[in-house]
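The values are calculated or read from the model by the stated rules, or taken from the named source; none is laboratory data. Just so we're clear, the structure is a prediction, and the values are computed from it rather than from any experiment. Cβ coordinates were reconstructed from backbone atoms using ideal geometry, including for glycine residues, and neighbour counts include every protein chain displayed. Note: accessible area is taken over every heavy atom of the protein model, side chains too, but ligands, DNA and RNA are not part of it. Shrake-Rupley method; radii C 1.70, N 1.55, O 1.52, S 1.80 Å.
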Amino acid sequence: MMPENSSVTEFILAGLTNQPQLQMPLFFLFLGFYVVTVAGNLGLITLIGLNCNLHTPMYFFLYNLSFIDFCYSTVITPKMLMSFVSKKNIISYAGCMTQLFFFLFFVISESFVLSAMAYDRYVAICNPLVYTATISPQACLLLLLGVYVMGFAGAMAHTACMVRLTFCANRLVDHYMCDILPLLERSCTSTYVNELVVFVIVGIDIGVPTVTIFISYALILSSILRIRSTEGRSKAFSTCSSHVIAVSLFFGSGAFMYLKPPYLLPMNQGKVSSLFYTIVVPMLNPLIYSLRNKDVKAALKKTLSRKSLS
């Protein structure tokens, strides 16, 4: 992965802050976040796998969302934690490009799996009579294949454009991970193509899921308002509320980071914005879906009671 025209064999990640007194408190804070993220997502994966009543399309997509959250948090957080305890947080060129690829693969996949979940809720609420036929196991697998194909295509396009650049003597990347925008700042050749690819691909990866989700929830809202019983409306709203919260957090922070011109968003503020979709969102998603979901809470009680009896 090392291009012949680059003199850089490694990068130095600046980390989240350069203030020594904040290093250890932040290390333990983000270590705690990571432990909660791993426990929450692996716990939700295990819970869905063990309970037959959760083997439905909705929880199939939630299973994959938890898997994606666990993976891309693991791609980012351990290296970030090293920046708090090491004097020089060095990452090789190949390691940097690998981290960039897998981060982009999982984060793009998450945006499309969230849109697949919105489509699933639309069919369940607006067309319940054809739900089983429309969201069949085959349809779920095809949707999931599309999710990962889009993730792979986006990650490959960004990484291939990054590899073609020449990086000069200044190896310091002003970030806690190998992300697109801070790496472009270290290039000593034209980044016009890269910036164009960022706006086009990020526009697609945020725009297409956002439009899908917006249309799905507009139709869902219209359908809910036609429900006469208060209990029916409440059940429909509770079914969708967790997903709406997760979507708002993820797409809001992602769009704020990538779709604003750099002069409107200094890199220090960009790092704070990145924290939301790389650290906070993967931690909150299992909490949002478990604490606000009656089926998940019932399955958890059933699993715990089964273990206590055994």
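If you scan region 126-181, which residues turn out to be among the acidic types (Asp, Glu) and either under 17 Å from the mean Cα position of the chain (by Cα) or closer than 24 Å to ILE220 by Cα (or both)?
Within region 126-181, the subset among the acidic types (Asp, Glu) is 174, 179.
The one that is among the acidic types (Asp, Glu) and either under 17 Å from the mean Cα position of the chain (by Cα) or closer than 24 Å to ILE220 by Cα (or both): ASP179.
Of all the numbered requirements in (1) farther than 22 Å from TYR93 by Cα; (2) open to solvent by 20 Å² or more (accessible area, probe 1.4 Å); (3) free of Cβ contacts under 8 Å to residues at least 60 places away in the same chain, ALA116 misses one, and that requirement is (2).
Selection of first residues in region 275-300 that are under 16 Å from SER111 (Cα atoms) and of second residues that are in a helix (DSSP H, G or I) and open to solvent by 80 Å² or more (accessible area, probe 1.4 Å), restricted to Cβ pairs under 9 Å at least 6 apart or on distinct chains, gives the following pairs, ordered by first then second residue: PHE276/PHE256.
For region 141-157, check the following and say yes or no: at least one residue is over 19 Å from ASN64 (Cβ atoms) and surrounded by fewer than 19 Cβ atoms within 10 Å (Cβ to Cβ). Talk me through it step by step, then tell me what you get.
The initial filter retains those residues of region 141-157 that are over 19 Å from ASN64 (Cβ atoms), namely 156-157.
Within this subset, residues satisfying the condition of being surrounded by fewer than 19 Cβ atoms within 10 Å (Cβ to Cβ) are 156-157.
Yes - at least one qualifying residue is present in region 141-157.
Within region 12-26, the set of residues being under 24 Å from CYS96 (Cβ atoms) and either open to solvent by 50 Å² or more (accessible area, probe 1.4 Å) or at pLDDT 95 or above (or both) comprises just one member, ASN18.
Considering only residues that are hydrophobic (A, V, I, L, M, F, W, C) and open to solvent by less than 20 Å² (accessible area, probe 1.4 Å), look in region 185-230 and name the one that is farthest from LEU165 (Cα to Cα).
In the first step, residues of region 185-230 are kept if they are hydrophobic (A, V, I, L, M, F, W, C); the result is 188, 193, 196-202, 204, 206, 208, 211, 213-215, 218-221, 224-225, 227.
Going one step further and asking which of them are open to solvent by less than 20 Å² (accessible area, probe 1.4 Å), we end up with 198, 202, 213, 220, 224.
Working: VAL198: 15, VAL202: 19, ILE213: 35, ILE220: 46, ILE224: 51 Å.
Once the filter is applied, the top-ranked residue is ILE224.
Going by what's in this entry, would MET82 be described as open to solvent by 50 Å² or more (accessible area, probe 1.4 Å) and at pLDDT below 95? Judged against the criteria, MET82 is a match.
List the residue pairs whose Cβ atoms are under 8 Å apart, where the first residue sits in region 64-83 and is touching a residue at least 12 places away in the same chain (Cβ under 8 Å) and more than 13 Å from VAL280 (Cα to Cα), the second is open to solvent by 10 Å² or more (accessible area, probe 1.4 Å) and not in a helix (DSSP H, G or I), and the two are 6 or more positions apart or on different chains. Listed pairs, sorted by first residue: LYS79/ILE91; MET80/LEU16; SER83/ALA14; SER83/LEU16.
Being open to solvent by less than 20 Å² (accessible area, probe 1.4 Å), assigned to a helix (DSSP H, G or I), of a type outside the set (Phe, Trp, Tyr) and farther than 17 Å from ASN293 by Cβ narrows it down to one residue among ILE48, ILE68; which is it? Break it down stepwise before answering.
Values: ILE48 fails: farther than 17 Å from ASN293 by Cβ.
Exactly one residue qualifies, and that residue is ILE68.
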